[in-house]
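Enquirer: Here it is, the structure in full.
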Amino acid sequence: MTRESVLRIVLLWGIMDLPAQQANRHVLCDYRIDGLQKGVRSGTELSPKNQREVLTGLFPKYLSATSGCGPEPAQSVLEHLEAERSAGQMVPSIEEFAEGSFTAPARHQAAYFVKVGECFAATRTYFGTYRLAIFEGSQLVANVEPLVRFAGALELQANGLSAAADVNKDGLHELILDSITFGQGVVEVNAWLVSLRGTHLHTIKEFDEVYENPCSAGAAPGRVTASVITYGPPQLFVEQYEAECKGIANEDHVPALKDFRLRQSGKLNSPRSEHH
């Protein structure tokens, strides 16, 4: 059994008065708030020099602007994306980054979530592919595709890094990866707590539907749901809140924090554990 598997999930429903436990908890990710969370910063905060160093360390050749893209190829989607990467026909960007010890304890490392930006990917497969890279100084120590499993079976690609923290006090910083999807008027976010121990991506816990906004779909009753994930080693806690479809929520935006109320009824399945 891995160290990660000792993490336990506690689902809290209804209004609970747990002052002793709450005092020892730290917020890992609050999906009632739109934006980056604990320990994660936007890639735009990096200097142009730092951005070039990271991207050059990942890609032998790449473009700095879409104006350099050649004509759109006629291959299938997967062939197209692979061909574009091989030819350097991509405009990569660092979406988010975090600092910590990711592959081994007591290391000074940085995790970069990178949008590869293959030319014409937006017209074929949403936004193309992503990479999760760990650097120690100027040395690249891990470079993985952020593949996770939805509902324990379907493999999909995470498209965002939301939080970083040493959740279980093992000397390693774990990461929260997100997958944001849009369809038929519904915005949905699923999340995964992952580790890069030993330079490989390991999924610790899957969190289903940490955020859902069906307001644009117009279905009744329209309510936005959002989870707050907190931790007090060795436990994780998940609280779910809801807000009515009104105001900015009807425009696919996250409702105002004051509009959320702790959910007092209903039950979710426990997040599934998965190790690979």
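Enquirer: Scan region 215-225 and give yes if some residue there is in contact (Cβ under 8 Å) with a residue 12 or more places away in the chain, part of a loop (DSSP other than H, G, I, E, B) and buried (at least 22 other Cβ atoms within 10 Å of the Cβ), otherwise no.
Expert: No: zero hits.
Enquirer: Moving on. For the subset of region 22-67 comprising residues that are of a type in the set (Gly, Ala, Ser) and surrounded by fewer than 13 Cβ atoms within 10 Å (Cβ to Cβ), which member is farthest from Pro234 (Cα to Cα)?
Expert: Among those residues, the one meeting the criterion is Ser67.
Enquirer: Can you list the strands (runs of 3 or more DSSP E) lying wholly within region 138-188 that have 2 or more residues being touching an Asp or Glu at 6+ places or on another chain (Cβ under 9 Å), touching a residue at least 12 places away in the same chain (Cβ under 8 Å) and farther than 27 Å from Cys245 by Cα?
Expert: Hits in region 138-188: 147-150, 160-165.
Enquirer: From the residues in region 250-276 that are at pLDDT 90 or above and outside any loop (DSSP other than H, G, I, E, B), which one is surrounded by the fewest Cβ atoms within 10 Å (Cβ to Cβ)?
Expert: Lys258
Enquirer: Could you list all residues from region 151-169 that are over 8 Å from the mean Cα position of the chain (by Cα) and crowded, with 19+ Cβ neighbours inside 10 Å?
Expert: Residues satisfying the conditions are Ala164, Ala165, Val167, Asn168.
Enquirer: Going through region 170-184 one residue at a time, which ones are loosely packed, with under 15 Cβ neighbours inside 10 Å and closer than 20 Å to Arg197 by Cβ?
Expert: Gly171 - this is the single residue of region 170-184 that is loosely packed, with under 15 Cβ neighbours inside 10 Å and closer than 20 Å to Arg197 by Cβ.
Enquirer: Do we find that Gly198 is modelled with pLDDT under 90 and either over 13 Å from the mean Cα position of the chain (by Cα) or among the polar types (S, T, N, Q) (or both) in this structure?
Expert: no
Enquirer: Let me ask something additional. For region 190-205, name all the residues that are outside any helix (DSSP H, G or I) and surrounded by fewer than 20 Cβ atoms within 10 Å (Cβ to Cβ).
Expert: Result: His200, His202.
Enquirer: Tell me whether region 212-219 contains one or more residues that are of a type in the set (D, E, K, R) and within 17 Å of Gly160 (Cα to Cα).
Expert: yes
The values are calculated or read from the model by the stated rules, or taken from the named source; none is laboratory data. Here the structure is a predicted model, which means the values were calculated and not measured. All Cβ positions, even for glycine, are placed from backbone atoms using ideal geometry, and neighbour counts span all protein chains on display.
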